[in-house]
Amino acid sequence: MEADDVSVREQLFHNRVRETIICVFLFTCLYMLSYLILTHFRKTAEFITDDIEDATVNKIALWLCTFTLSVAVCAVLLLPISILSNEVLLTFPHSYYMQWLNGSLIHGLWNLVFLFSNLSLVFLMPFAYFFTESEGFAGSKKGVMARVYEAVVLLLLLALLVLGIVWVASALLHDNIARKSLYDLWEYYLPYLYSGISLFGVLLLLLCTPFGLSRMFSVTGSLLVKPRLLEDVEDTLSCTVFEEDSLSRKLNCGSTSCWVKLNMEAMKKEHQTVRSKRIALEMRRKASPWQRNLGYPLAMLMLLALTVMCVLMVCFNVLELLLDEAALPRGMEDPHLGMASFSMFGSLGAAVQVVLILYLMVSSVVGFYSSPLFTGLLPRAQDTNLTQIIANCVSLLILSSALPVFSRTLGITRFDLLGDFGRYNWLGNFYIVFLYNMLFAGLTSASLIKTVTWAVQRELIRAFGLHRLPLTVSRSTVPFRLLLASGLSKIQ
């Protein structure tokens, strides 16, 4: 019996060491990737300065931002890794090389992401902001440690303020629980605070994702070569080159007249617009017929199919919510990987779920940066200051940490939430989940219909040359027979 107990303890020890090594290796890879991304967008002048103190502070803040961004990327990959791991164990149930992939590893990964998300949102990112903005207390010796002391004091004051707000909110909503758990900070208040942050993230995803799904068509179209019906590329390119040369001569003429000085900025903007148009026309001319006539339609059809699939899955989830309460999102302690597929279509359905989850995340990020409120946060290569980097890392972490709850609430996947992700108070509320699904389906359908109809109308107007009409003529009132007549005249 003692030998058996020792072997069991040794097996548990080896399993724990193996899971730790795997998690450290995964997080190290994500950390290096996040560091490369942030160094691509950071403003180099902030890190190469004569002031060694400022450079040191900025480097430490950048390391904290890198940690936060790596946690955000790991939160995005939680559901895909869990779903794919289950399918791999179903395909190779008795494989010796897949013994490291088990429910304990996945459950530990979820717990680590939850812990690091709390740590980054509540402590690290506020400290990074206060650290970069602090100068030390008045009368104290200047240096990095003086900034650390001031940042820590400000962080403690902020923590007390937030804790007071959370205690008041819990007292208003759950009076008895708040009175009994006044000193229960770790077990009650931090999860309660993160539940509120997650609810805010899920609501933000509700607003950004439908808008991002519609914006994905235009963003993808800007990266591909569009086919143009009834358009002479060579003629348009020669006119654009002539216009660009004319603007270049006006900018380089060196005139000192007042009119030229007042309109110099406008001419520069117009010159940049014409130049980008000329580059797009040259790309269209150099593109192969397959790329020009097949790549763009296939990409648009793929985006349309993914968006329609998301809406259909949400509508099916609404019907399930009305018929069975088991469709409500809930948490589970043991994932039981390798027992059954989380999709009724098997491995193919699981792969589709992973693609849809990643597609929704990309769409939410596109919608977030395309919204008027957050356009100013859009990072620029080698020209993003540290404050903007901190704000972007916090925003991406809020969106990504809410993605598992978002995907499970909409019924994109049947993989239940693990660890503390399933402890949110509002997950079991039928009315909140039902209303959330209905709002997402309605907003996405409206955005999709508007995007498709406006895109078709815009391409028809451009194809038939009606975009050259004066602004006083309403293009929406142009009769259809005029479109046909214009098209027939161009063909002839």
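Tell me, please, whether a residue that is in contact (Cβ under 8 Å) with a residue 40 or more places away in the chain, more than 22 Å from Leu417 (Cα to Cα) and surrounded by fewer than 17 Cβ atoms within 10 Å (Cβ to Cβ) can be found in the range 363-377. Yes: the range 363-377 contains one or more residues that are in contact (Cβ under 8 Å) with a residue 40 or more places away in the chain, more than 22 Å from Leu417 (Cα to Cα) and surrounded by fewer than 17 Cβ atoms within 10 Å (Cβ to Cβ).
Among the residues making up the range 196-224, a single one is open to solvent by 50 Å² or more (accessible area, probe 1.4 Å), touching a helix residue (DSSP H, G or I) at 6+ places or on another chain (Cβ under 8 Å) and under 18 Å from Arg408 (Cβ atoms): Phe200. Here is the figure for the range 124-174: residues that are crowded, with 18+ Cβ neighbours inside 10 Å and of a type in the set (Ser, Thr, Tyr) total 4. Within the range 60-75, the residues that satisfy the criterion of being over 15 Å from Cys29 (Cα atoms) and open to solvent by 10 Å² or more (accessible area, probe 1.4 Å) are Ile60, Leu64.
May I ask you to say which residue of Leu33, Leu78, Leu84 is modelled with pLDDT of 85 or more and open to solvent by less than 20 Å² (accessible area, probe 1.4 Å)? Talk me through it step by step, then tell me what you get.
Working: Leu33 fails: open to solvent by less than 20 Å² (accessible area, probe 1.4 Å); Leu84 fails: open to solvent by less than 20 Å² (accessible area, probe 1.4 Å).
Criteria check complete, one pass: Leu78.
All conditions but one from (1) out of contact with any helix residue (DSSP H, G or I) (no Cβ under 6 Å at 6 or more places or on another chain); (2) open to solvent by 40 Å² or more (accessible area, probe 1.4 Å); (3) not basic (Lys, Arg) apply to Leu89; the one that does not is (2).
Val355 falls short on exactly one of the conditions (1) buried (at least 16 other Cβ atoms within 10 Å of the Cβ); (2) at pLDDT 90 or above; (3) of a type in the set (Val, Ile, Thr); (4) closer than 19 Å to Leu448 by Cβ, and that condition is (1). Applying a threshold of 7 Å to beta carbon distances and a minimum spacing of six or more residues, or different chains, the list of pairs starting in the range 136-154 at a residue that is closer than 16 Å to Ala55 by Cβ and part of a loop (DSSP other than H, G, I, E, B) and ending at one that is of a type in the set (Val, Ile, Thr) and at pLDDT below 85 is empty.
Counting just the residues of the range 36-59 that are among the charged types (D, E, K, R) and part of a helix (DSSP H, G or I), which one comes out most open to solvent (accessible area, probe 1.4 Å)? Break it down into steps so the answer makes sense when it comes.
If we filter the range 36-59 for residues that are among the charged types (D, E, K, R), which is where we start, we get 42-43, 46, 50-51, 53-54, 59.
Within this subset, residues satisfying the condition of being part of a helix (DSSP H, G or I) are 46, 53-54, 59.
On the way: Glu46: 47, Glu53: 49, Asp54: 51, Lys59: 96 Å².
Across the range 36-59, the extreme among qualifying residues is Lys59.
Filtering the range 434-446 to residues that are in contact with a Leu (Cβ under 8 Å, 6 or more places away or on another chain) and open to solvent by less than 30 Å² (accessible area, probe 1.4 Å) leaves Tyr436, Asn437, Phe440, Thr444.
Name the one entry in Tyr31, Tyr96 that is out of contact with any Lys or Arg (no Cβ under 7 Å at 6 or more places or on another chain) and within 21 Å of Leu337 (Cβ to Cβ). Walk me through it before giving the result.
On the way: Tyr31 fails: within 21 Å of Leu337 (Cβ to Cβ).
Exactly one residue qualifies, and that residue is Tyr96.
Quick one: is Leu115 within 24 Å of the chain's Cα centre (by Cα) and buried (at least 18 other Cβ atoms within 10 Å of the Cβ)? Outline the logic, then answer.
Details: within 24 Å of the chain's Cα centre (by Cα): yes; buried (at least 18 other Cβ atoms within 10 Å of the Cβ): no.
Judged against the criteria, Leu115 is not a match.
The values are calculated or read from the model by the stated rules, or taken from the named source; none is laboratory data. Here the structure is a predicted model, which means the values were calculated and not measured. Glycine also receives a Cβ, built like all others from the backbone with ideal geometry; neighbour counts cover every protein chain displayed. Surface areas here come from the heavy atoms of the whole protein model, side chains and all, with no ligands, DNA or RNA. Shrake-Rupley method; radii C 1.70, N 1.55, O 1.52, S 1.80 Å.
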